[in-house]
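S.K.: A single structure is presented below for examination.
The values are calculated or read from the model by the stated rules, or taken from the named source; none is laboratory data. Being a predicted model, the structure only gives us computed values, none of them experimental. FYI the Cβ positions are ideal-geometry reconstructions off the backbone, even for glycines, and counts take in every protein chain you see. Accessible surface is based on the protein model in full, side chains and every heavy atom, while ligands, DNA and RNA are left aside. Shrake-Rupley method; radii C 1.70, N 1.55, O 1.52, S 1.80 Å.
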Amino acid sequence: MHATNVIRSAALTEADRLMTICNACRYCEGLCAVFPAMEMHRTFGDADLNYLANLCHQCGACVPDCQYAPPHEFNVNVPATLAKVRNESYAQYVWPGMFAGAFERNGLFIAVMFAASVAGFIAGFVALNDPAALYGRHAGDFYKLMSHNEMVALFGAVFIYAILALTMSLRAFWRDINGSGDVAAVARATGDTAHLTYLGGGGGGCTSENEKPSAQRRVYHHFTFYGFLFCFASTSVATIYHYALSWHAPYALTSAPVLLGIVGGLGLVIGPAGLFVLSQKRDPALTDAPRKGMDTAFIAMLFLTSVTGFALMLGRDGAGMGLLLAIHLGVVLALFATLPYGKFVHGLYRYLALVKYARDKRHATFVE
Ligand code: SF4
Ligand code: SF4
């Protein structure tokens, strides 16, 4: 079943052409999930192509051995074409639709949100307190500058909005691709996500700076992914401490929230830094080069979240804690607010595509 309400872009037209060639060739069917999923189709509607594009992990493994890759006249370049379709799909399904443009110049959008958020916290701290509070010593007590209730209200509202926007976007995607799943499919997709199976490039790893594959991209994705989860766990434990146990911040360096935050923070320094270095070396021909700013903006935000968090932890007893707190809260709020409108969404769309793939594969769903 194909959706008919989606305008076919040049990227979708090219993806249709490539998938038709690949479906006849099938040389790459052992590399990843894209090719077996493709083989379940005879023709490719827009929603089918959006599904396949989000199944692709852009490992690049299908380029070096392709007999139809440039300079062959067939000009087959699956990773770059699916990257374009994937990035366009984020704008297509975004909620509300008026934010579709955020994906077009995403680096600029994220940078403006970041700057406005940090400036807002600095101005807010000055307006709500004595301006000298920014440079005073507060014995690590963040709540002298902004009360716990104010922080919870602001961050909670933005986080709930982000969850709503993400849910609506994912719902539109899932419906359009005719998604279906069951417990076994969810378990399989969760396992493949936890292992980042399809960043393995069929065994050799990702092709980054040359045709020699390496595991580095997968390793740095792991640092980033689990770093994010540890930081989320840190915040969750701190929330339980505050509300269930009435244990209030600042917490000791050996407490669970701080230790989880340190581990997660290290992951969010090493992972994004490694991904940034690899992205600079990666052959642009394998990517959606004009939208590289989206990748860079997201890993920069994760990196800054971690670095400013460490700076705050180390400087919380000194003069300037207020400024460090304003910068850190500004980064985190901008990260939350832009979750539905940046690269973060790629992991969620990919997860749903993996669920559908696991389900279709077991039931051998074949689409005419
Ligand atoms: S990428 Fe090339 S080698 Fe692989 S299936 Fe497509 S046409 Fe065949
Ligand atoms: S780039 Fe990797 S994940 Fe994407 S289609 Fe090619 S082999 Fe599959």
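S.K.: On the basis of being open to solvent by 20 Å² or more (accessible area, probe 1.4 Å), modelled with pLDDT of 95 or more, in a helix (DSSP H, G or I) and over 30 Å from ALA252 (Cβ atoms), does PHE114 make the cut?
M.R.: Yes, satisfied.
S.K.: For TYR51, state whether it is among the aromatic types (Phe, Trp, Tyr) and away from ligand 1 (no atom under 14 Å from the Cβ).
M.R.: For TYR51, the condition - among the aromatic types (Phe, Trp, Tyr) and away from ligand 1 (no atom under 14 Å from the Cβ) - is met.
S.K.: Looking only at the stretch 180-227, which residues are under 21 Å from the mean Cα position of the chain (by Cα), farther than 30 Å from ALA285 by Cα and surrounded by 17 or more Cβ atoms within 10 Å (Cβ to Cβ)?
M.R.: ARG188 - this is the single residue of the stretch 180-227 that is under 21 Å from the mean Cα position of the chain (by Cα), farther than 30 Å from ALA285 by Cα and surrounded by 17 or more Cβ atoms within 10 Å (Cβ to Cβ).
S.K.: Also, quick follow-up: Hey, can you tell me all the residues within the stretch 289-300 that are of a type outside the set (Lys, Arg) and modelled with pLDDT under 95?
M.R.: Result: ALA289, PRO290.
S.K.: Out of curiosity, is ASN50 modelled with pLDDT of 95 or more, surrounded by 16 or more Cβ atoms within 10 Å (Cβ to Cβ), touching a helix residue (DSSP H, G or I) at 6+ places or on another chain (Cβ under 8 Å) and more than 23 Å from ARG188 (Cβ to Cβ)?
M.R.: In short, no.
S.K.: If you don't mind, another one. I need every pair where a residue in the stretch 25-40 that is under 17 Å from GLY179 (Cβ atoms) has its Cβ under 7 Å from the Cβ of a residue that is within 7 Å of ligand 2 (Cβ to nearest atom) and not charged (D, E, K, R), sequence separation at least 6 or different chains.
M.R.: Short answer, once both residue conditions are applied: ALA33/TYR198; VAL34/CYS56.
S.K.: Quick one: in the stretch 15-33, of everything that is aliphatic (A, V, I, L, M) and open to solvent by less than 40 Å² (accessible area, probe 1.4 Å), which residue is farthest from ligand 1 (Cβ to nearest atom)?
M.R.: ALA33
S.K.: For the stretch 153-196, what are the residues that are within 28 Å of LEU335 (Cα to Cα) and among the basic types (Lys, Arg)?
M.R.: Within the stretch 153-196, ARG171, ARG175 qualify.
S.K.: Filter the stretch 288-329 down to the residues that are assigned to a helix (DSSP H, G or I) and of a type in the set (D, E, K, R) and list them by number.
M.R.: Correct list: ARG291, LYS292, ASP295.
S.K.: When the residues of the stretch 228-252 are narrowed to those that are under 21 Å from ARG316 (Cβ atoms) and touching a residue at least 40 places away in the same chain (Cβ under 8 Å), which ends up surrounded by the most Cβ atoms within 10 Å (Cβ to Cβ)?
M.R.: Here the answer is CYS231.
S.K.: So VAL94 clears everything in (1) within 16 Å of ligand 1 (Cβ to nearest atom); (2) at pLDDT 95 or above; (3) in contact with a Ser or Thr (Cβ under 7 Å, 6 or more places away or on another chain) except one condition, right? Which one?
M.R.: Unmet condition: (1).
S.K.: Residue pairs, Cβ under 7 Å, 6 or more apart or interchain, first in the stretch 57-82 and over 13 Å from GLU14 (Cβ atoms) and of a type in the set (A, V, I, L, M, F, W, C), second assigned to a loop (DSSP other than H, G, I, E, B) and within 10 Å of ligand 2 (Cβ to nearest atom). List them.
M.R.: Note: pairs meeting the criteria are CYS59/CYS32; ALA61/LEU31; CYS62/CYS28; CYS62/LEU31; VAL63/ASN77; ALA69/VAL63; ALA69/ASN77.
S.K.: Can I ask one more? Looking only at the stretch 70-86, count how many residues are away from ligand 2 (no atom under 11 Å from the Cβ), in a loop (DSSP other than H, G, I, E, B) and at pLDDT 95 or above.
M.R.: The qualifying residues number 4.
S.K.: So, in the stretch 54-73, of the ones that are near ligand 1 (Cβ under 7 Å from one of its atoms) and farther than 29 Å from ALA91 by Cα, which residue ends up least open to solvent (accessible area, probe 1.4 Å)?
M.R.: Filtering first and then ranking leaves CYS66.
S.K.: Further question on the same structure: Within the stretch 315-326, can one find any residue that is open to solvent by 30 Å² or more (accessible area, probe 1.4 Å) and at pLDDT 95 or above?
M.R.: no
S.K.: Could you tell me whether the stretch 289-303 includes any residue that is more than 16 Å from ligand 1 (Cβ to nearest atom), within 23 Å of THR254 (Cα to Cα) and either open to solvent by less than 20 Å² (accessible area, probe 1.4 Å) or in contact with a Cys (Cβ under 7 Å, 6 or more places away or on another chain) (or both)?
M.R.: no
S.K.: Before we move on, is ALA297 within 29 Å of ALA238 (Cα to Cα), touching a helix residue (DSSP H, G or I) at 6+ places or on another chain (Cβ under 9 Å) and in contact (Cβ under 8 Å) with a residue 40 or more places away in the chain?
M.R.: yes
S.K.: Determine, yes or no, whether ALA285 is assigned to a helix (DSSP H, G or I), among the small types (Gly, Ala, Ser), touching a residue at least 60 places away in the same chain (Cβ under 8 Å) and surrounded by 20 or more Cβ atoms within 10 Å (Cβ to Cβ).
M.R.: no
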